[in-house]
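Remarks on the structure that follows.
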Amino acid sequence: MEPLISKSINDNPDTQLKEPHERRWLRTILFIGAIYCIDGIVFGKFAGWSKSHTMVFIWRLAAWLTCALLFAGHIWYEYFRQSNSPRKTALYTSSAAAAGAFGLAVAANIHALFVTSANQILLAFSLIIWPVLTAVPAFIVAFVVTSVLQNFHKRILPK
């Protein structure tokens, strides 16, 4: 017979064991977002120190390529290692990209405090705009890639 007072979810020992695993996605998003942010700041500094336009282009290309590799690696991790669906994989990878863009927006706002900048309002908007402008295309790309992988995987390895 069911007790009149139901048990809390936290009273179940199975739920307590799964909880750290279920929060792992947040740590992954924040960690990879931090790498995106550091990548942008470091390669931006290298580009700023460059004397020629060619070197500026090379440093920016290097930043773009390292972020593309990180994005592809994150898709691989979420889809193959964590066995997430295409939608969940796209959500997590785009969230990490948005976290990185937010970190860069915060860095730009902090940088603006130490230099004269007439764009304080635009920089404040960047805290919202940059993550959105990064997350939407990242979600679309990750979703399409993992959907294609899922269809390809089903054809190669039928159950």
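None of the figures in this text is laboratory data; all of them are computed from the coordinates on show. Note that the coordinates shown come from a computational prediction; the quantities given were computed from them, not determined experimentally. Here the Cβ positions follow ideal geometry from the backbone for every residue, glycine too, while neighbour counts run over all protein chains shown.
Stretched out straight at 0.36 nm per residue, the stretch from residue 46 to residue 77 would grow longer than its current Cα-Cα span by 8.2 nm. Extension gain for residue 144 to residue 30 (0.36 nm times residue separation, less C-alpha to C-alpha distance): 38.7 nm.
Between the beta carbons of residue 23 and residue 124, assuming R0 = 30 Å, the FRET efficiency works out to 0.45 to the nearest 0.05.
Here the peptides 90-98, 130-138 are ranked by packing, the mean other Cβ count within 10 Å, and the order with the highest first is 90-98, 130-138. Protection proxy ranking, highest mean first, for peptides 80-86, 142-148, 45-51: 142-148, 80-86, 45-51, where packing is the per-residue count of other beta-carbon atoms within 10 Å, averaged.
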